[in-house]
1. Which of rounded, prolate or oblate describes the stretch 20-158 when judged by the alpha-carbon gyration tensor and an a/c cut-off of 1.5?
2. Between LYS110 and ARG159, what is the label-to-label distance in nm when each label sits 7 Å out along the Cα-to-Cβ direction?
3. Which of the GluC sites (Glu not before Pro) across the stretch 92-188 are loop residues per DSSP, with 16 or fewer other Cβ within 10 Å?
4. Using helices alone, what [θ] at 222 nm do you get for the chain, with -39,500 (n - 2.57) per DSSP H run of 4 or more residues, divided over all residues and rounded to the nearest 500?
5. Report, in cubic angstrom per residue, the convex hull volume of the C-alpha atoms of the stretch 171-216.
6. With r defined as the distance between the Cβ atoms of LEU11 and LYS171 and R0 fixed at 25 Å, what FRET efficiency is calculated, to the nearest 0.05?
7. Let me check I've understood the local charge: for ALA212, count other residues with C-beta under 10 angstrom from its C-beta, Lys and Arg +1, Asp and Glu -1. What total comes out?
8. First measure r as the distance between the Cβ atoms of ASN138 and LEU211, then evaluate 1/(1 + (r/R0)^6) with R0 = 41 Å and state the FRET efficiency to the nearest 0.05.
Amino acid sequence: MEEQEVFKMPLIGDKAPDFEAVTTTGKMKFSDYAPGKWKILFSHPADFTPVCTTEMSGFAQNQELFADLNTALIGLSIDSIHSHLAWVNNVREKTGVYFQFPIIADLDMKVSKLYGMLQPSESETAAVRAVFFIDPENKIRLIMYYPLNVGRNMNEIIRALKALQFSDKNKVAIPLNWEPGDKVIVPPPKTLEEMDARIADTSCEKVDFYLAKKQL
């Protein structure tokens with residue numbers, strides 16, 4: 001029996017694997033791309049397919065918002081650069097939506113394998129719908145995986161990005177269903193002294209000393 005190739009998936013906290021690739025905006029060395037910015041690297045199964053078109057259009061329609069959040073977008077599929085360009089142009093002609101962010105032409109599947117986007121039980125020739133949130137230090141901070149037949153939720157992608165950035169800036173944790181403007185969780189005490197101070201603290205909403213929320 002033939003052995004199935006194993007694709008290693010990068011983990012949260014790992015340095016984002018570096019690569020060089022051809023994209024719709026020119027050649028790219030990932031570690032040199034968009035210095036000082038957050039990056040969202042996302043894959044789609046194939047050009048000229050309906051679910052992928054809705055998803056890529058969602059990213060394109062929010063390009064300004066991502067730019068305001070200091071975030072660069074990078075798409076990918078296992079298609080040629082010629083297919084990418086034809087698809088981008090087709091969508092622009094039919095809908096007026098223009099995918100201006102780079103889309104990696106990953107015909108040799110090098111980047112897909114590097115990022116665990118190829119999952120053989122789902123498909124050996126099409127990348128699953130992966131989303132990697134990568135911070136300005138090129139560290140992977142959040143990973144989402146969707147199957148071939150289910151589109152992603154753009155609102156959740158944006159919410160997760162805002163949550164990561166807000167948490168980093170304010171050194172707090174983000175509770176369930178958080179939206180910008182909601183209360184956040186302040187770090188739990190780590191010593192008896194800190195616990196007593198938390199119990200006496202009237203500036204935050206406490207369920208107990210270990211679970212306290214605050215408006216920032």
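1. Verdict is rounded for the stretch 20-158.
2. Modelled inter-label distance: 3.8 nm.
3. GLU122, GLU124, GLU137
4. -9000 deg cm²/dmol
5. Hull volume normalised by residue count: 72 Å³.
6. The computed FRET efficiency comes out at 0.65.
7. +2
8. Between ASN138 and LEU211 the formula returns 0.80.
Bear in mind these aren't lab numbers, they're just calculated from the coordinates by the rules spelled out. Note that the coordinates shown come from a computational prediction; the quantities given were computed from them, not determined experimentally. Glycine gets a Cβ as well: all are built from the backbone with ideal geometry, and neighbour counts include every protein chain shown.
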